[in-house]
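Undergrad: Input: one structure, supplied below.
The values are calculated or read from the model by the stated rules, or taken from the named source; none is laboratory data. All of these numbers come straight from a predicted model, not from anything done at the bench. Neighbour counts are summed over all protein chains in view; Cβ atoms, including those assigned to glycine, are modelled from backbone coordinates with ideal geometry.
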C-alpha cells in the first residue's frame, strides 16, 4: 500500500473549513497514488474542542460534515481515516466517543473509538468522552491494521516505569494479528516532546514487531501548539519517513518496501521552540480574527523577543511597537527600542507617560495623605502603559501582545492591569534564561535586529531610580533552576535546596512567591505552552488556600 500522512492545521469549531481542508488533502493524496490517507485526531472538529462538545448542534454538525465528506470523496479510490466525534447512543455514561472514522466508497465504513482518555496536564478527555470497551483491527488491502488514537499508543509497559492505565490497546490489537499500526494524534508540543515521542514508538515498534505510522496535528489552538512532526518507522524502530515540524505537510509511505518521504524539521530544540512560538502566535491572532498587533517596547530583552516573534508570525507591516518612557526610563531604553523597531522594519510610536503620571499623583496626593512612595507609585506607571496600549488596541482593532516571561509571572514580578494587559502572553512559558537564547535565534533570522546592548545591560523595570531586577530577585540563572524544580518537577524546597546547593531559606522565599501570586496568573492573558508545565490550562491551583511549603 501507499499510505499518506496528512498533517493538517484544524481550527476548533470550523466544521466547514476543516472539512474542506481534509477534502483538499485527500484529493492531493489520491492524485499522488495513495491507497490510504490518515488525518490527525479530531481533525474534523479541531482539538481541543472542550465544551463545544456539550452543544447538540455542534455534534449534529460534525456528523453531517463527516457524511458529506464521505460523499464528496466517493469518486476517489482512497480510504480516508479521519478523527471526529461519535454519539454513543447509550443512556448512561458520557454521550460521545473520540473516534477515528474510516471513509470508503462514499460512506462511513468503520469507526474505531478511543479507549484511553487522558485527564492530566492539559488534557481533560474524561470530562467529555466515553472510553471504548473494545477495539477491532481494520482490514486495509489485506493488511490487518491496528488503528489507534493518540493516548491509546502511549501505554506500553516496556517503556513506562509506571503506566497510567491497566489496558494496552496496541497489545490487544497486536494479539488479533495486526501487521501495521496507524496512530492518529493531537499531541501538543513542549521542548523535548518530539524526541520523547520517537522513543515511545521505537519501543513499541520493536516490542510488537510492527511498522508504525504516526500522524499528528499541527498548529496553534489557544494555549497549545501542535508541532506535527509526523513519522513512520519500520518494525526495528528505524524512521523511514518524517514530516515537517510546525508546518502542514503530506508525506507518503510505501508499506511494501518500507520507504517514504522526508521533510525538513528543526533539529535544534531552541530553534524549534522559537518556531513553536511563531506558529502559536500566528494561529492565535488569525483564528481569533485579528490581523495586526501592538507591543509595548521597553528596550528590554523580553519585548524585543516578542516583537521579533510577532514579525515572523504576521509580517512586519502588521506590527506596531510603542515606546512609553516614564520618569525613570533611561535614554538607552528609548534608543534600543527605536533601533530594534527600525531593524525589524516595524512602525514605532513614542507616547510618554510622565505627564499622565504626574497628574494622577496630583489627584491622589490628598487621599494618600503623605504616605511614603513605594510599590503603588511603581505600579501606577505600569498601569498607565497598559491603558495606553489598550486605547490603541480599541482604536485600531489590533491585538496587544504582552511581553512578560515565565520567571516574572511565576513570582509575581508583574503588574495586574499594567504590563499584564493584552490578549496573548507570547513568552509567558519562557523562563528568562531561555529568553536570551531565543533572542539569539531571533537575531540569526533578522540580521541582528536586537541590539547587543539589550543582551548585556542588567534587566530592569525602570519604575524607580537605578532599579534592577536583581534588587528583588536572585540572578535569573539561579531563579530559573528553582522554578524548574518547583513548577515542572514538583520538588519540595528541601529537595531543590539539596540538589542546587542553595540556602533553603532562599528557595522557600521563591516558592512562597509562586504560591502567593496564583491570583495574578489566573487573570493573565492566555500564554503559549513550550515547557513541560505551563501556567494556565495545565496547572490548576486554588487561589484561596492555606497550604504552605
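Undergrad: I'd like the full set of residues that are surrounded by fewer than 18 Cβ atoms within 10 Å (Cβ to Cβ) and part of a strand (DSSP E or B), limited to the range 252-279.
TA: Within the range 252-279, 254, 259, 262 qualify.
Undergrad: Another question about this same structure. Return the residues of the range 281-299 that are at negative phi, buried (at least 21 other Cβ atoms within 10 Å of the Cβ) and either part of a strand (DSSP E or B) or touching a helix residue (DSSP H, G or I) at 6+ places or on another chain (Cβ under 8 Å) (or both); say none if nothing qualifies.
TA: 281, 285, 293, 294, 295, 296, 297, 298
Undergrad: What is the residue count in the range 122-151 for residues that are within 25 Å of residue 222 (Cα to Cα) and assigned to a loop (DSSP other than H, G, I, E, B)? Talk me through it step by step, then tell me what you get.
TA: Pass one, the range 122-151, residues within 25 Å of residue 222 (Cα to Cα): 122-130, 149-151.
Add one more test, that the residue is assigned to a loop (DSSP other than H, G, I, E, B), and what stays is 122-124, 128, 130.
Count: 5.
Undergrad: Okay, moving on. Identify, by number, the condition in (1) crowded, with 23+ Cβ neighbours inside 10 Å; (2) over 22 Å from residue 280 (Cα atoms) that residue 326 doesn't meet.
TA: Just one mismatch for residue 326, condition (1).
Undergrad: With the condition kept exactly as written, say whether any residue in the range 268-280 is over 17 Å from residue 445 (Cα atoms) and assigned by TED's automatic domain parsing to the domain that holds residue 346.
TA: Yes; the residues of the range 268-280 include at least one that is over 17 Å from residue 445 (Cα atoms) and assigned by TED's automatic domain parsing to the domain that holds residue 346.
Undergrad: For residue 219, state whether it is touching a strand residue (DSSP E or B) at 6+ places or on another chain (Cβ under 8 Å), on the phi > 0 side of the Ramachandran plot and either at pLDDT 95 or above or in a helix (DSSP H, G or I) (or both). Before the answer, list the steps.
TA: Values: touching a strand residue (DSSP E or B) at 6+ places or on another chain (Cβ under 8 Å): yes; on the phi > 0 side of the Ramachandran plot: yes; either at pLDDT 95 or above or in a helix (DSSP H, G or I) (or both): yes.
Spelling it out, residue 219 is indeed touching a strand residue (DSSP E or B) at 6+ places or on another chain (Cβ under 8 Å), on the phi > 0 side of the Ramachandran plot and either at pLDDT 95 or above or in a helix (DSSP H, G or I) (or both).
Undergrad: Here is a check on your reading of the model: is residue 204 touching a helix residue (DSSP H, G or I) at 6+ places or on another chain (Cβ under 7 Å) and either assigned by TED's automatic domain parsing to the domain that holds residue 169 or at pLDDT 95 or above (or both)? Step through it out loud before you land on a result.
TA: On the way: touching a helix residue (DSSP H, G or I) at 6+ places or on another chain (Cβ under 7 Å): yes; either assigned by TED's automatic domain parsing to the domain that holds residue 169 or at pLDDT 95 or above (or both): yes.
Judged against the criteria, residue 204 is a match.
Undergrad: For the range 168-177, what are the residues that are in contact (Cβ under 8 Å) with a residue 24 or more places away in the chain and either in contact with a helix residue (DSSP H, G or I) (Cβ under 8 Å, 6 or more places away or on another chain) or loosely packed, with under 15 Cβ neighbours inside 10 Å (or both)?
TA: 169, 170, 171, 174, 176, 177
Undergrad: Here is a follow-up. Can you find a residue in the range 489-510 that is outside the structural domain of residue 224 (by TED's automatic domain parsing), more than 30 Å from residue 423 (Cα to Cα) and under 26 Å from the mean Cα position of the chain (by Cα)?
TA: Yes; the residues of the range 489-510 include at least one that is outside the structural domain of residue 224 (by TED's automatic domain parsing), more than 30 Å from residue 423 (Cα to Cα) and under 26 Å from the mean Cα position of the chain (by Cα).
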